[in-house]
Amino acid sequence: MKKINSETTLKNPSPILLDAQIIKTLLPAHPLPIQLDVLSEIDSTNDYFKSNIITPDAIHFCLAEQQTAGRGRLGRDWFSPFGTNIYLSCLWSFSKDVSALSGLSLAVGIAVIKALNELTPNPDIKIKWPNDILYQQQKLAGILIEVNTVDSGNTQAIIGIGLNVNMSDQNTETINQPWTSLQHIIGNEVDRNKIAALLIHNLLCELSKFSKQGLKPFLTQWQQYDALLNQQINLLHGKQNITGVVLGINPQGYLLLEHNDGSTAAYSSGDSTLCKP
Ligand code: BTN
């Protein structure tokens, strides 16, 4: 792990760096105490919480300018160049069994959408179940949640968010899916300290809500942001490839599909892709 210094990128020789003090001054008052660590370089901000002593009684966040081994869902890499995007992780303790966290990734997706809407309201920013944030079918942000059981009834979640902020087309050949960035959407460079504060604020609000009430208060909002509703999709579920029309989600956050033979089923996990029209 490196301390903040004056590293450079090819694209932007002197990006405005993330600054914990600035981010804290941009945060609205919140009843929960927070600790925010800003690092220059780390393998993965999610792994930071696996190898560091955590302050008790505070919600702990970690941001990095660069990840050398950023990880995505399903064993994929997450491209994490210096001084360009947001790589944010949060350690959150739940007084719940792991079985009660099935909808957590959806609640986090809604928190990310709300943060983005505060910066730039845009009806084309949607969530592809379970938690890809898309703009016009291009990936804008991804969420990786790793859960540990502390004991029966207590669970810790490491919630990692990667958001493409000021990434341009330079040196992005290794990204193997359609992607976009806030800069592409808005047309200007975006203040990363501001969007970091918006993400942290919305995570604090929505995770507090999820801790108390579970997924229930999020179910109606989900419909508004659902990128797949009424669409024909392929779902890679384990080794099975399933085709069907998306009916929405059930109260646990499972994906509801109507198969081509008219039967329906709910899926707890998988990787969804829209079928071409
Ligand atoms: C995905 O869509 O596949 C999830 C991507 C998650 C990337 C973030 S960046 C911050 C945190 N640290 C990681 O190594 N991964 C997550």
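Tabulated data for the structure shown
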| quantity | calculated |
| --- | --- |
| Under the Karplus curve 6.51 cos²θ - 1.76 cosθ + 1.60, θ = phi - 60°, whole-Hz ³J(HN,Hα) for region 193-201, x wherever Gly or Pro sits | 5, 5, 5, 4, 5, 5, 5, 4, 4 |
| J(HN,Hα) series, region 256-269, from Karplus relation 6.51 cos²θ - 1.76 cosθ + 1.60, nearest Hz, glycine and proline x | 9, 10, 9, 6, 5, 7, x, 6, 10, 7, 10, 10, 7, 8 |
| Candidate aspartates and glutamates for bridging to Lys126, where Cα separation is under 13 Å - those fewer than 8 sequence places away on the same chain excluded | Asp226 |
| Amide H contacts of Arg71 (H built 1.01 Å from N, under 5 Å, at least 5 apart or other chain) | Trp78 |
| For Ala265, residues with placed amide H under 5 Å, excluding near neighbours | Leu257, His259 |
| Inverse of mean 1/r across different Cα pairs in region 173-249, Kirkwood, Å | 16.2 Å |
| Magnitude of the charge dipole, the chain, Cβ model with Lys/Arg +1 and Asp/Glu -1, debye to 20 | 280 debye |
| Relative frequency of Cα-Cα separations exceeding 14 Å in region 142-190, percent | 64 percent |
| Theoretical gain in end-to-end length, Gln35 to Thr68 [0.36 nm per residue, Cα-Cα removed] | 9.6 nm |
| Cubic angstrom per residue, convex hull over Cα atoms of region 9-167 | 133 Å³ |
| Surface per residue (accessible, 1.4 Å probe) for region 36-191, Å² | 39 Å² |
| P(r) tail fraction, the chain - alpha-carbon pairs more than 28 Å apart, % | 34 percent |
| Scattering profile of region 88-185 at q = 0.11, 0.16, 0.22, 0.24 Å⁻¹ [log10 I(q)/I(0), Debye over alpha-carbon scatterers] | -0.38, -0.71, -1.09, -1.22 |
| The chain - percent of accessible surface contributed by carbon and sulfur, probe 1.4 Å | 50 percent |
| Proximal aspartates and glutamates relative to Lys194, as straight alpha-carbon distance under 15 Å, when same-chain residues fewer than 8 apart are discounted | Asp19, Glu65, Glu118 |
| Relative counts (whole %) of C-alpha pair distances in region 131-277, using bins that are 5 Å wide | 2, 7, 13, 18, 18, 17, 14, 8, 3, 1 |
| Which listed pairs, of Lys50/Lys114; Lys114/Lys139; Lys24/Lys139, have C-alpha distances above 19 Å, in listed order | Lys50/Lys114; Lys24/Lys139 |
| Loop trypsin sites (Lys or Arg not before Pro), region 177-277 (other Cβ atoms within 10 Å of the site Cβ: 12 or fewer; DSSP) | Lys239 |
| Dipole axis of the chain (+1 Lys, Arg; -1 Asp, Glu on Cβ), positive-most option in Leu256, Gln183, Leu17 | Leu256 |
| Two-decimal Rg to Rh for region 57-142 - Kirkwood Rh, Cα set | 0.97 |
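The values are calculated or read from the model by the stated rules, or taken from the named source; none is laboratory data. Here the structure is a predicted model, which is why all the values come from computation and not from measurement. Here the Cβ is made from the backbone with ideal geometry for all residues, glycine too, and neighbour counts use every protein chain on show. All accessible areas refer to the heavy atoms of the entire protein, side chains included, with ligands and DNA or RNA removed. Shrake-Rupley method; radii C 1.70, N 1.55, O 1.52, S 1.80 Å.
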